[in-house]
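Bear in mind these aren't lab numbers, they're just calculated from the coordinates by the rules spelled out. As the structure is a computational prediction, the values presented were derived from the model and not from experiment. Every residue, glycine as well, gets a Cβ built from its backbone with ideal geometry; the counts of neighbours run over all protein chains shown.
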């Protein structure tokens with residue numbers, strides 16, 4: 001039974017907003033490993049995403065959050081034995097560390113300590129809000145030789161895996177579209193990650209022909225495929241996810257079923273911890289951030305932007 005430290009898991013504050021009780025990802029991750037007590041959960045007014053499908057080969061044994069009282073409540077509801085005083089304590093006496101998306105876009109800062117200790121570490125999406133920040137933590141991880149993973153859960157849901165397996169029946173794929181709502185980097189990572197889950201990496205440039213809040217980004221890949229990334233903020237489009245692949249022999253449109261999506265993500269991390277099986281090379285996740293940042297820069301400057309510019 002693997003022992004896991006869970007970091008920044010009990011409250012959430014999007015982009016420096018005041019943190020509010022509960023955390024969609026934090027509670028989902030905790031309850032995937034540890035289950036939860038429904039009666040205790042219902043005592044509080046908070047965001048709690050209760051996992052339906054368990055992973056039974058690991059347990060969260062430590063949790064930290066800057067709001068200790070909510071970490072204590074999460075620990076009580078999900079039977080986590082220890083509430084830590086610092087994030088560093090979550091990297092003591094455990095087999096792996098999971099760092100939760102807490103809304104800051106800077107949760108990667110908590111990865112340095114477990115990576116230094118040689119503990120397999122998962123950093124929730126987005127790895128960072130800029131390519132340079134993402135590259136810095138990836139370079140540090142590679143320097144330690146410690147297994148390190150960051151990814152959107154969307155790339156591992158069964159519908160996306162099935163679409164990847166269908167590509168051989170569709171012929172060459174010159175064009176694809178992928179769609180989601182909200183901010184381009186922070187949430188657009190889900191849409192782009194679906195494309196990466198299907199096609200792999202190798203993006204070379206971005207051209208954003210949209211408007212502020214309405215991103216229409218042509219992402220050009222080395223393979224010759226152009227992926228059109230459509231990401232609209234609230235007020236312009238509803239949140240949701242879709243990918244459409246247009247091949248010479250046929251096409252497929254998928255609105256992925258998100259049931260148990262965190263289970264598939266956490267299962268991939270467990271495979272990294274137990275078997276050293278790499279599902280997403282960290283350099284590929286850095287590339288994902290670079291593409292999204294290039295899309296923002298393209299809109300701002302009105303020009304095509306090379307992905308490499310973001311990493312220089």
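Given their separation in residues at 0.36 nm each and the Cα-Cα distance between them, residue 17 and residue 259 gain 84.3 nm when the chain is fully extended. Projecting label points 7 angstrom from Cα along Cα→Cβ for residue 86 and residue 308 puts them 4.2 nm apart.
Take the Cα of residue 275, step 7 Å toward its Cβ, do the same at residue 248, and the gap between the two points is 3.5 nm.
Cβ crowding within 10 Å, taken as a proxy for footprinting-reagent exposure, orders 164, 268, 155 from fewest neighbours to most as 164, 268, 155. Here, the stretch 2-124 is characterised by an Rg to Rh ratio of 0.93, where Rg is the alpha-carbon radius of gyration and Rh the Kirkwood radius.
Length gained on full extension, residue 40 to residue 301: 88.8 nm, using 0.36 nm per residue less the C-alpha separation. Quick one: grab the alpha carbon gyration tensor of the stretch 129-236, order the square roots of its eigenvalues as a ≥ b ≥ c, and give me rounded if a/c is under 1.5, else prolate or oblate depending on whether a/b is larger than b/c. Oblate shape, in that a/c is at least 1.5 and b/c is the bigger or equal ratio. Given a cut-off of under 8 Å on Cα pairs at least six residues apart, what relative contact order in percent is computed for the stretch 2-124? Rounded, it is 33 percent for the stretch 2-124. Classified by the C-alpha gyration tensor, the stretch 75-126 has an oblate form. Its axis ratio a/c, with a ≥ b ≥ c, is 1.5 or above, and a/b does not exceed b/c. The calculated FRET efficiency for residue 214 paired with residue 164, based on their beta-carbon distance and R0 = 25 Å, is about 0.30. For the stretch 174-236, DSSP calls about 65 percent of its internal beta bridges antiparallel. Please compute the length gained on full extension between residue 1 and residue 144, using 0.36 nm multiplied by the number of residues separating them and subtracting their Cα-Cα distance. Net length gain for the segment: 49.0 nm. Listed peptides 254-265, 270-281 appear in the order 254-265, 270-281 once ranked by packing, highest mean of other Cβ atoms within 10 Å at the front. Looking at the chain only, what percent of DSSP beta bridges run antiparallel? Nearest 5 please. Here the antiparallel bridges make up roughly 50 percent for the chain.
Centroid-to-centroid, using Cα positions, the stretch 257-279 and the stretch 187-212 are 22 Å apart.
Name the most mobile residue of 175, 80, 289, meaning the one with the largest mean-square fluctuation, in a Gaussian network model of the chain with Cα contacts below 10 Å. Among 175, 80, 289, the largest mean-square fluctuation in the Gaussian network model of the chain belongs to 175. Matching the structure-derived Cα extents along the principal axes in Å against the labelled list (i) 90, 40, 38; (ii) 70, 45, 37; (iii) 54, 40, 38 gives the label (iii).
Most tightly packed first, judged by the mean number of other beta-carbon atoms within 10 Å of their residues, the peptides 196-205, 221-230 read 196-205, 221-230.
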